[in-house]
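Written below as structure tokens is the structure these notes are about.
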Amino acid sequence: MKKIIAVIAAAAVCAGAASCNKQKTGKVPHPKPKAEENTSTQADQLSELTTTTRQNSKTTTKKTTTTSTTTTAKATEPVTQPDPLGSGAFEYDDSGAVIFNADIRSANDKTLIAAAQALFDSACRTEWNFTVGCPYNVDMNNYIEAGSFSWRYYRITDSNISSYDDILNEYHKVFSSRYPSTEIQNLYCDSGGSAYALCGNRGANIYYSSSKIIDVKSRSDDEIVFTVENYYDGSDYDSSAHTETEEFSAVIENGNVWKAGKFKLPY
């Protein structure tokens, strides 16, 4: 009896194992579809594939059109205007003269005018410093009297200034020696190995507003002449605002160094 029960149990275990193996491997047989169903299914898939392809084609066309439109819009954006300061064509040196870095011969009028404006502004500052007061230290207790009116000239104490020529050398770092300044001649002198300054003050035109270089009047190999307009606000005696036109020139030294030539301080 025990042997019979053992055989039955073993047979049951084998049957269960066989059933589990079929489920795990997925080898349970399925009915084969009929030929008509296969044909219908393939036709439906082909139709669906064609429709999807057409939709994708339309989508691709739309995207391409959109991209093309965007590219065209970017191409028509405004072009950035050139730098009004000359696009790096010139700069100041340590003294205030203008150094032209580009080829002056090929520079256009806009660049030349920008450089002239920079030089004119530097000339105004330099002229003011030399003619209104004095740019040097002076000893007010040490003076000489000179000129037809016996004006007092005070001794300059700066160690690098001991003669009238030393003053001119400083002044001509911005101004060309081609146009001597009678005002500098009247304000400075030397005597006994020392330089002296009149240190005279003068009034400024309080109605002066600003100056602007407006055009290139003429040019040669070593000098360019410009037109400068000086603006006055018209507040004096309730008169109307007005401009005064002057000539200003840049003298070209050493090929690329601009110094002020013809010049009148508008203050």
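The values are calculated or read from the model by the stated rules, or taken from the named source; none is laboratory data. A quick note: this is a predicted structure, and the numbers were derived from the prediction, not measured. In this analysis, Cβ positions are derived from the backbone assuming ideal geometry, glycine residues included, and neighbour counts consider all displayed protein chains.
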Those residues of the range 143-194 which are surrounded by fewer than 13 Cβ atoms within 10 Å (Cβ to Cβ) and more than 24 Å from K259 (Cβ to Cβ) amount to E145, G147, S148, F149, S150, S159, G192, G193
Scan the range 197-215 and tell me whether some residue there is surrounded by 17 or more Cβ atoms within 10 Å (Cβ to Cβ) and either in a loop (DSSP other than H, G, I, E, B) or among the acidic types (D, E) (or both).
yes
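Could you check the range 204-243 and list, in sequence order, the residues that are modelled with pLDDT under 90 and acidic (D, E)?
First, the residues of the range 204-243 that are modelled with pLDDT under 90: 204-209, 232-243.
Those that are modelled with pLDDT under 90 and acidic (D, E): D233, D236, D238.
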Scanning the range 182-196 residue by residue, the ones that are touching a helix residue (DSSP H, G or I) at 6+ places or on another chain (Cβ under 7 Å) and either part of a helix (DSSP H, G or I) or closer than 25 Å to E253 by Cα (or both) total 3
For this session: Say whether the condition of being within 30 Å of S148 (Cβ to Cβ), in a loop (DSSP other than H, G, I, E, B), at pLDDT 95 or above and touching an Asp or Glu at 6+ places or on another chain (Cβ under 7 Å) is met by at least one residue in the range 251-262.
Result: yes
Looking at the range 107-124, can you tell me whether even one residue there is more than 27 Å from the chain's Cα centre (by Cα) and in the same structural domain as S210 (by TED's automatic domain parsing)?
no
Exactly one of D139, D158 is touching a strand residue (DSSP E or B) at 6+ places or on another chain (Cβ under 6 Å), outside the structural domain of R219 (by TED's automatic domain parsing) and without any contact (Cβ under 8 Å) to a residue 24 or more places away in the chain, and that one is D139
